[in-house]
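Just below is one structure, and these are the notes that go with it.
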Amino acid sequence: MVHSARVGVLGGGQLGRMLMESANRLNIQMNILDAEAAPAKQISAHDTHVTGSFMNPEAVRKLAEVSDVLTAEIEHVDTFALEEVQSLVKVEPSWKSIRIIQDKYAQKEHLAKFNIPQAEYREIRENRLEELAKVGQEFGYPFMLKSKTGAYDGRAPALEALKGRPLYAEKWAKFRMELAVIVVKTKDTVLSYPTVETVQEDFICKLVYAPARGVSQRINEKAQELARNAVAAFEGKGVFGVEMFLLEDSSLLLCELASRIHNSGHYTIEGCGLSQFDTHLRAILDLPIPPQSLQLRQPSIMLNILGGSAPDSHLDIARQALSIPNASIHLYSKGNARPGRKMGHVTVTASTMHEAEAIIQPLVEYVNGKSVASAPLATPKPQPTVGVIMGSDSDLKTLVPGLKLLQEYFGIVPEVDITSAHRTPEYMAEYAASAASRGIKVIIAAAGGAAHLPGMAAAHTSLPVIGVPVKGSALDGVDSLYSIVQMPRGVPVATVGINNSINAALLAVRILGAFNPTLRQRVEEYAKAAKTENLDVKGVKMREIGWEKYFDQMEKK
């Protein structure tokens, strides 16, 4: 074993099971407190597990007696029991953090002390319609009514369902997208996985897209920073799940935080060098965590397998997933299913998000109730890897030769758009900043006159940008050439000749070909064909008829 400490886990559901898989690979002894046949216990055959409830103080004490470090795979644990045993065993994250996070209102109050952006909220002191009406006047409608502790599924009248429970109200967040970030807190630092997009259905997470789709690098980084700052406000070590809203104005609001490994992080098993389960164990045991291992290796999509009307309906979904390429199936061995119960998940990986979406689409359609026949396996369409932008549609004529070369010879279908550095600066900035998240690897930007578009695009992305100076009526494109080629140090723009979209396309393909042997071979074939055309075919003809006749024929064309 790489560490002699024994890890005790309160809870042995699917999260504990996947944590056990990580522990087994390192020969770390992990003791589970849960029911006899809990999923995590099924893959660990030793006699130091504890049978009982993680809400039972005596059972928690028994777990502490056979462990060196205690952690939890669920928030609903007895924190007073954890407080009591802290003199016998380490508790990670701290019982104080778990207690605060258990109470969502206390969590919000705690985060507010650290200036973490959240939706407006207020405590409901009397569960009466009159007080809710006052909240409606203050927050507007709709607004969220939430229980401070436990959960409410929204399927019954709120006051009736939440009768007698402490409540708070939250102003409705007009969000564009729900995001999540898995954060790892160690003894020395706070690390984060990539920002992902979560799709909810009936108050349950259905899909997770890693990375988040159509989100700029700036927003990705802001979301990670927000998540790290929120987790840094709590004591203890381990993995935390942070959920947030991306609003229409591109600002972020934290929704809530979980002091445990999280459903939104399951993609990390296949998508990253170290999964959230690996890093949780390493964090609580003070083992090394290389930050590079938290980076996304390839785009991933996770689909939760939920229970349906039949006890074994989840197995039908798993069987369908067997035919999906690049699909990893995880079943939790939780016995019979019931509607909405998480019974497993499937993660698909691919070289681009577009390909991953096409691969998983038939399974999503099947889960949505369509027959397999109506949801055939989609053939992934070519994902645009080259973005081509122009300041005006009048520049399109200049770009057509390069566009045709990309599409017809190299099989690269470019993403083509019109945006101006002067007339649509906000859209231009968002286009460039979010290009990488859409799978774009190179940007070609054509502009005439002042020709600020290539440079402004380069200022908003880390992708390579190729500028095409467009010949204008005033200075024959020399002004455009100078504008693009004379970018200040630190904002490079590769610049081709005036109106030379062919070279722009070829340079883009060469950049892509550095990491794609097939494209590199096509570039070599193109160069060979050009050599044959210029030196062999044309040269032979000139030698046959002489340069005078050859020139006369050129003039007549």
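Laboratory data are not the source of any read-out in this text; all were calculated from the coordinates shown. None of the values given here were measured: they were computed from a predicted structure. As a convention, Cβ positions derive from the backbone with ideal geometry for all residues, glycine included, and neighbour counts pool all protein chains shown.
Numbers at a glance
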| item | result |
| --- | --- |
| Other-chain or far-sequence residues with amide H under 5 Å of A446's (modelled H) | I389, M390, G391, V468 |
| Tilt relative to the chain, helix 217-232 - C-alpha long axis, 0 to 90 degrees, to 10 | 20 |
| Kirkwood Rh, Cα atoms: Rg over Rh of the chain | 1.08 |
| Spin-label model distance (nm) - S351 vs T189, 7 Å beyond Cα toward Cβ | 3.2 |
| Sequence-separation-based contact order of the chain, relative, with Cα cut under 8 Å and 6+ spacing, percent | 9 |
| Peptide ranges 262-269, 86-93, 283-290, 353-360 listed from the most packed, as the mean C-beta count within 10 angstrom indicates | 262-269, 353-360, 86-93, 283-290 |
| Segment N516-A106, length gained on full extension (0.36 nm per residue, minus Cα span) | 142.4 nm |
| Distance-filtered residues of segment 82-105 - backbone nitrogen under 16 Å, label point 7 angstrom along T48 Cα→Cβ | 88-91 |
| Relative packing of peptides 485-497, 302-314 - highest average C-beta neighbours within 10 Å first | 302-314, 485-497 |
| Environment charge at F143 (Cβ cut-off 13 Å; Lys +1, Arg +1, Asp -1, Glu -1) | +1 |
| The chain, dipole about Cα centre (Lys/Arg Cβ +1, Asp/Glu Cβ -1), debye to the nearest 20 | 640 |
| Set K108/K174; K404/K549; K471/K549 screened for pairs whose C-alpha atoms are more than 22 Å apart | K404/K549; K471/K549 |
| Mean ellipticity per residue at 222 nm, deg cm²/dmol - from DSSP H runs of n ≥ 4 across the chain, formula -39500 (n - 2.57) | -10500 deg cm²/dmol |
| FRET efficiency for K96 and S309, using Cβ-Cβ distance with R0 set to 41 Å, rounded to 0.05 | 0.45 |
| Assigned charges on the beta-carbon of Lys, Arg, Asp, Glu; segment 172-327 dipole about Cα centre (debye) | 320 |
| Within segment 280-377, trypsin sites (Lys or Arg not before Pro) in DSSP loop having at most 12 other beta-carbon neighbours inside 10 Å | R297, K370 |
| Rounded if a/c under 1.5, otherwise prolate or oblate - segment 386-515, Cα gyration tensor axes | rounded |
| Crossing angle, helix 517-531 versus the chain [Cα axis fit, 0-90 degrees, rounded to tens] | 0 |
| Other-chain or far-sequence residues with amide H under 5 Å of V91's (modelled H) | L70 |
| For segment 240-257, Karplus couplings with θ = phi - 60° (6.51, -1.76, 1.60), whole Hz, Gly/Pro x | 10, x, 10, 10, 8, 9, 9, 7, 4, 8, 6, 7, 10, 10, 6, 8, 7, 10 |
| Spacing of the two label points (7 Å from each Cα toward its C-beta) at K397 and E138, in nm | 6.4 |
| 3J(HN,Hα) from dihedral phi, segment 260-273, Karplus parametrisation 6.51/-1.76/1.60, rounded to Hz, x for glycine, proline | 6, 4, 9, 4, 6, x, 5, 4, 5, 4, 9, x, 10, x |
| Sparse-neighbourhood loop sites, chymotrypsin sites (Phe, Trp or Tyr not before Pro) in segment 465-557 - DSSP loop, at most 12 other Cβ within 10 angstrom | F515 |
| Cα gyration tensor category, rounded, prolate or oblate, for segment 276-377 with a/c compared to 1.5 | oblate |
| Sites I418 and V478, calculated FRET efficiency, Cβ-Cβ separation with R0 30 Å, nearest 0.05 | 0.80 |
| Efficiency of FRET between Q200 and E36 - r from beta-carbon atoms, R0 41 angstrom, step 0.05 | 0.80 |
| Cα gyration tensor shape for segment 323-365, rounded if a/c is under 1.5, else prolate or oblate | prolate |
| Antiparallel DSSP beta bridges within the chain, percent to nearest 5 | 65 |
